[in-house]
Each structure stands twice: as C-alpha cells, then as structure tokens.
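Step one of this worksheet: look at the structure below.
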Amino acid sequence: MIRKLHLILLFVATVSMVQAQHNRAVKSTHKNALAKGSLNYPVKANNTFKVQMAPPFFTENFAGGIPATWSVTDNLGLGGVVWQFTTTGASYPYPFDYQLSTFNTTASNGYVKVDSDSAIGEQVNTSLTTPAINCTGKPVVHLSFAEYFVQYDVSTGTVEVSNNGTTWTAVHHAEAGLAPDSATANPNLVDIDISSVAANQPTVYVRFTYVADWEYWWFVDDVALYEPSAIDMASQSVENLGGSYTSVPLSQTTPVTMRGKVKNTGINAISGATALFEVVNTATSGVVHNEVVNIPTIASGATQNIASTTTFSPLATGSYKLRMTVNASGDGNALNDVSESIINYVCNDSVYSRDNGQWTGFIGIGAGQGEDGIAGHSFRVNYNDVLTSVSMYLSDTNGIPATGIPVYLTIHPQANDTVHPDKNTVLATSDTIILMPGAIQPGGNWFTFKINGNGLSVVPGLYFIGFREDSAMLAVGYSNRIYTPGAGWFYFNSNTLPQSVNGWSHFEDQGYTVALMIRANFGSTVGIASLENDKVEIYPNPSDGLFLLKLNGNTNKRIEIFNAQGQLVKQMEVKGDRTAVDLRSMADGIYHTVIYNQNTRQRRVLIKSSK
C-alpha cells in the first residue's frame, strides 16, 4: 500500500483517484475537512504489549470461523453488513493497516470483523454475542481481547456484559479518544475487570456492537475470561535497547539504561518484588549484562516503570535484546513473568538505521513538478565520524514505472527534534541515481547513494538526511513497528498544514507514525580502533593487572573499563599523556577499555593474567 505526503493542493486529485479505483459514490460532507483519500491516519498510543493472563476458563480465537454457539445479529433487520469471519481483513485495503496484526494475537488463523467500508452508503448496526459463560465460584473476573478499530468520523464499537441477557452494562468503547480519520494501536490489547457484573454469576454474556454509517471497520480476536491470581506480578514490557534506533555503528554507541514496565495483575497489593534485567546476545543466547532491581510496593491493577542503576555498553558488534523477569513471593501465575524487547539492538561496523528491516508499506514523497520537496529522518551523531553513503529502500509502486527519474539526497544541520532542519544549509550532497525501467524490482529494493567527495566529516550533533525527487512517482519503504516522534520531517514550498513552520512538518502532523527505510552509512570512522593522530600504547599486555597507558596529547581524557559481561568496573579521569590502570584486585580475564578524548573515542583490550 502507498501513503502519500502530497501537497494539500494535490489532495483533490488523490481523492478522485482513490474513489474511482473503488467505484464509490461521493460521500456526504463530514466534519473532517479532508476526504478519505487523503490517507491521514494517526494512531493511538501503543498498547500492543501482551501480559499473559492466568489460564482462562473461557476463550475463543475464531480459528476457522465464528462458532455456532455465538450469535450474530443485524440490529437494523435490513440484511446489511454484519460481523463475519475473515483472514484477509478489510475489503478495500488502502488505509494504513487493513488487517489485524499477528503481533501478540492469533490473527494468522482468522478473526472477526465488521467492515462498514464495504457497505457503501449504508448504515451498519450489528452485534456479536458470546454463549452463556459460567462464572460461578469466581469472585474476580476479567475480560480480555485484541482489537483494531479504525474511525472515519463517528462510528462506535461498544462492549457490553450481562448476567441475564436482558440488562447490559457497557465496559469498553473502542472509539474512545479517537479523532476523525484515526485508529487504535494495531493490535490494541484490552483487559477489563468485569467483576461487578460477572462475579459468581452462572450465566454471563459478552456482546460486541458496532454502529456506523459508511465508516471503516472493527476487528476483534482472542476473546477470553479469566480469574486473576491473588498475587500476580507481570513483566508487562521492556524498552528496546537501541531506543530510537534499530542499528547503530559501534563508533556511535552510548551506554544504555535498561528500562521496563511491570503491572500488578493480581488481586492483592505486592511488596518486595524484584525484576531481573538481562542483555542477551541473540546469536549465542548468552547473557552479556544483568542487574536485579527492587520493585516498590504496587497496588492491584497498578503499573510501575522501573530502570536499572547500571548501564550496558556494547563492546563488540552483534545483535542484542533486553529481557526482564519479575519475581514476587507467592506469585500464582508464571506465564507473565518474562518480557523481551520487540526490536533487537544491532551494533555493527557502519550502519545507522531507524527501521527494523521489515517494510510494511511505502510512502510516496515526490513533491511534483515545480515543488522543492524533501522528506527524511534525522540521525544523532555522538562522536566524530565520517558519513560515506546513504541507503534507501525504494519502490515505483505508485503505478508508473521509473523512467529516467533522478534521485539524490542532501544532508542538513538540525538544532533539535522540535526545530525543523536548516534547508538553506546543505552540508553534503549524494551522487544522483537515474532510475530507468526495470531498475526497481517488484516490491522494491535497496539503493545506496555515495556522499560526494570523500564523505562528510561529522561532529556530535543532529543531522537531517533528506530524499529529493520531483516526479511524484517514487515511494520509500517504511516500518511501523518502531517510531520516534520528531524524527521524521517533510518540506514542500506550498505546505499549508496548520502545524507547518516555514514549509516543514513532522510526519506525525499528517498521522504518519512510521520509520522511513533511510540509513546512514559510516565509513572510515574517527575515534575507534587505531587513529594515526591519537595513538594509544599499552604495556605490558597481558599483565598481572597493572597496565601503563601512553596517550597522545595533554588534553583531559576519561577512561572506562568493562568486564567481559559488559559491566563497568572502573572509571578514571586522566590529565596528561600517560596513566596507570590497576586491575590487580579484579578477576583474571579480558577487560574492554574505552578512552574518551574530547569528541573521539578509542577501544582497547586489556588481558589480566596472574599466572
């Protein structure tokens, strides 16, 4: 699917194209100023982290269809669109996501949907109701399910619970907090305490009712009722080690604080619980860093953010993930004790990226003739380095094959994520690639653009890398599993969005919560391994633990020493050109040393052997 960052003045053409494609009648005017074809789809805050419930006493994942014991009702009695089973999602796949995500759901074997978008010009009012569920002997009952609700204007998705089939209590509104042309997270994982209606009741029903007038859709899956344990501490989520980035050159890595979120999903308050953070090398499954953190007392149903007191510093290339395991005395549910980061943190020789390598769509960002358009991402440089090239995943799936289209990139300085890039200052330009028919493979492929000259020498700061082409035919791939507010920008001469400043807007101003597949490549790095103008000599090495370091220059330097597990064991401030490092009290083994000198950084290995 393609999402376009076209100028507002081009939206009319876009609307016509989309509506013609789907043979749709013109919709009546809604309070949203832009028509559906503008493809403006902001999403709610992420709620995709799954906390495994205690074993449910009722569950339905709709594998193969809607069970005969469930009831589907057309509340209007007009024979219109009702709840149905699907494995393919929406009928017209042009909004941002048209299928329920398989992430933390069983959507791969099917789910249920109401697709109002397929009911052109018709009203929809339909209910899906569970069979009677026996909750006798269960004083606390929770309802959980996965959903994806896309709002056009004023549709509603209501979940109700009853203990007699006559009186219903609303417990969830899928549309709550959604503006026109917006959506929940995909998936949005819902967990509701329905004890006030369901506790100890022999017949409990759950009803999903969707009301719309040619809107979008509501997907539902993995419906379950369960009884929480008296004590149940859940490891709800952990942050990605790379933060905003999925891949970072070793020359640009910085110490990482481990962070996570826990939730008391039990009935009672919990005290004295702990969380074990572990950094895992995904290739070897070995733990390279760990720390146990105490969790403060936490009330039933409450969440708590926690963070490590130590940091993890990658010392070698590799792929890493963060794992958090909670421990609470008397915990009655071991199924939710562990969570892991969603995106691996890849430390490599040269590539800086924000995407996770898996494209989920494309954004057409060509400005069109007569427009000086730019779109791209910013990258944070932490140490002196050399930007040698930029890689970008391109497609011509706007429907017109590439025919002699020139494409290039420019690099601009940027003060911070809240201030737009400096368009008038071009620090470097890439070479231009002329894309001819057949150059782009079906589905897209990567292209690498060399930075003109010998590359761009960069110092610590924020840099914007922008994609330039004026044909409006090409599109760049994006990932929607990782997204950083303020990182993506686009510019058009005629940009009149209310949030725009001097023609610049954030991607999220148009609802694009994605990471473009644009990657910065660093070549001959400054500050790592050997530097001709900043040499380090170490002797003896190996030694019994006493090392002499001879450093170049008399500037102030900081030395950090890590053990083989990545734990910081010694830190020193050095003035002058030499110092002694005493590790005689440490265990024998390999120690990684990082020497910081102004904006450069060097790494060395110290080998301690007392034999």
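Key figures for this structure:
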read-out	value
Condition met for Glu215 (modelled with pLDDT of 95 or more, assigned to a loop (DSSP other than H, G, I, E, B) and either surrounded by 18 or more Cβ atoms within 10 Å (Cβ to Cβ) or touching a His at 6+ places or on another chain (Cβ under 9 Å) (or both))	no
Scan of the range 54-71 for residues that are farther than 19 Å from Asn109 by Cβ and either assigned to a loop (DSSP other than H, G, I, E, B) or aliphatic (A, V, I, L, M) (or both), ordered by number	Ala54, Pro55, Phe57
Wholly within the range 81-132, strands (runs of 3 or more DSSP E) carrying at least 2 residues that are open to solvent by 30 Å² or more (accessible area, probe 1.4 Å)	84-86, 123-129
Matching residues in the range 430-456 - criterion: being hydroxyl-bearing (Ser, Thr, Tyr) and over 21 Å from Arg354 (Cα atoms)	Thr432
Residue within the range 253-261 that is over 23 Å from Thr309 (Cα atoms) and open to solvent by 10 Å² or more (accessible area, probe 1.4 Å) present	no
Selection status of Leu322, at pLDDT 95 or above, open to solvent by 40 Å² or more (accessible area, probe 1.4 Å) and touching a Lys or Arg at 6+ places or on another chain (Cβ under 9 Å)	no
Cβ pairs under 6 Å, 6+ apart, first in the range 479-501 and farther than 24 Å from Glu469 by Cβ, second among the aliphatic types (A, V, I, L, M)	Ile482/Ile343; Ile482/Ala515
Complete set of residues in the range 133-145 that are outside any loop (DSSP other than H, G, I, E, B), open to solvent by less than 10 Å² (accessible area, probe 1.4 Å) and under 10 Å from Ser195 (Cα atoms)	Leu143
Unique match (being over 27 Å from the mean Cα position of the chain (by Cα) and under 24 Å from Tyr512 (Cβ atoms)) among Leu474, Leu456, Leu435	Leu435
Residue that is nearest to Gln567 (Cα to Cα), among those in the range 262-293 that are at pLDDT 95 or above and part of a loop (DSSP other than H, G, I, E, B)	Ala273
Cβ pairs under 9 Å, 6+ apart, first in the range 275-300 and in contact (Cβ under 8 Å) with a residue 24 or more places away in the chain and hydroxyl-bearing (Ser, Thr, Tyr), second surrounded by 14 or more Cβ atoms within 10 Å (Cβ to Cβ) and part of a loop (DSSP other than H, G, I, E, B)	Thr282/Asn344; Thr297/Ala273; Ser300/Pro228; Ser300/Thr265; Ser300/Gly266; Ser300/Ile267; Ser300/Asn268
Residue within the range 232-245 that is open to solvent by less than 30 Å² (accessible area, probe 1.4 Å), free of Cβ contacts under 8 Å to residues at least 40 places away in the same chain and not in a loop (DSSP other than H, G, I, E, B) present	no
Filter pass, Val190 being within 25 Å of Thr86 (Cβ to Cβ) and either modelled with pLDDT of 95 or more or in a loop (DSSP other than H, G, I, E, B) (or both)	no
Contacts under 9 angstrom Cβ, first residue in the range 156-182 being touching a residue at least 60 places away in the same chain (Cβ under 8 Å) and closer than 30 Å to Gln510 by Cβ, partner outside any loop (DSSP other than H, G, I, E, B) and open to solvent by 40 Å² or more (accessible area, probe 1.4 Å), 6 or more apart	Gly157/His173; Gly157/Val211; Ser182/Val43
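The values are calculated or read from the model by the stated rules, or taken from the named source; none is laboratory data. Source: prediction; values computed, not measured. Glycine gets a Cβ as well: all are built from the backbone with ideal geometry, and neighbour counts include every protein chain shown. Note: areas computed on protein heavy atoms with side chains; ligands, DNA, RNA excluded. Shrake-Rupley method; radii C 1.70, N 1.55, O 1.52, S 1.80 Å.
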